[in-house]
1. Limited to segment 165-211, what total is found for residues that are surrounded by 13 or more Cβ atoms within 10 Å (Cβ to Cβ), touching a residue at least 60 places away in the same chain (Cβ under 8 Å) and over 20 Å from Thr21 (Cα atoms)?
2. Keeping to segment 135-160, report how many residues are among the hydroxyl-bearing types (Ser, Thr, Tyr) and not in a loop (DSSP other than H, G, I, E, B).
3. Quick check, is Ala94 farther than 20 Å from Asp40 by Cβ, modelled with pLDDT under 95 and among the hydrophobic types (A, V, I, L, M, F, W, C)?
4. (1) under 21 Å from Asp115 (Cα atoms); (2) touching a Lys or Arg at 6+ places or on another chain (Cβ under 8 Å); (3) among the basic types (Lys, Arg): which one isn't true of Arg30, the others all being true?
5. I'm told Lys157 meets every condition in (1) of a type in the set (Lys, Arg); (2) open to solvent by 50 Å² or more (accessible area, probe 1.4 Å); (3) out of contact with any Ser or Thr (no Cβ under 9 Å at 6 or more places or on another chain) except one. Can you identify the failing condition by its number?
Amino acid sequence: MSEGWMDDRIDKAQSPTAAFTAAEVETRGRDKLSLELPQDAFTRILPRRGDHNLNRERFTYDGLGKPAAVLVPVVAHPQGATMLLTQRTSKLRAHAGQVAFPGGRMDPEDATPIDTALREAYEEVGLQPADALPVGYLDPYQTGTGYRIIPVVAIIKPDLVYTLNPDEVDAAFEVPLAFLMEPGNRHLHHREFEGIMRSFYAIPFGDHYIWGATAGILYNFYERLYA
């Protein structure tokens, strides 16, 4: 990691403990993750991770899924890393108002999911690709709505000024990584969807409710790097 990213400024959103730092995430990521996409990422009928993990008997989606990617942005505050998340605008037709990672469907011109994740992060919150250091891929995540999401873990420079796209994002906020990685803060919730009771992970944080695929990807982040 560039030393210029680590300075003496302290962000109000950072964790009060230095147990979870961006340097630690980078070290663990280099050891446990890879920047090489698995060959079966978009061809395996169902990947190891997805909405089906908690709803196997109710998971009826049949297909390989539309390719998508999200950026899992670990912000390198010097006294404890945070995770950058967005609140999707209520104007969207799908997943309106939900907490999400920057990301979206892969475009034909995107050579890799990293390209997709960085492009979407720039379009949604104005994150410059030069301010993000990709570390590795988490496991592909299949959603019940038909997307095959490739999460890209990246270290983000601290103290950036974000420019939100009002057509996609209502807000961007940071959550201490130490909070997200604490197993006691992750809960199993249930909700009826289209007449079927679904189970999903949820991480309430202040006024924000992190759930669904976002919480599932965070659980995979925990499994791969900290469990």
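1. So the answer is 13.
2. Initial filter on segment 135-160 (among the hydroxyl-bearing types (Ser, Thr, Tyr)): 137, 141, 143, 145, 147.
Right, trim to not in a loop (DSSP other than H, G, I, E, B) and you get 137, 141, 147.
Of the residues in that region, 3 qualify.
3. Numbers: farther than 20 Å from Asp40 by Cβ: yes; modelled with pLDDT under 95: yes; among the hydrophobic types (A, V, I, L, M, F, W, C): yes.
Yes, satisfied.
4. (2)
5. (3)
The values are calculated or read from the model by the stated rules, or taken from the named source; none is laboratory data. On a predicted model such as this, the values are computed, not experimentally measured, just so you know. Counting neighbours? That spans all protein chains shown, and the Cβs are built from the backbone with ideal geometry, glycine included. These accessible areas exclude ligands, DNA and RNA; they are computed on the full protein's heavy atoms, side chains included. Shrake-Rupley method; radii C 1.70, N 1.55, O 1.52, S 1.80 Å.
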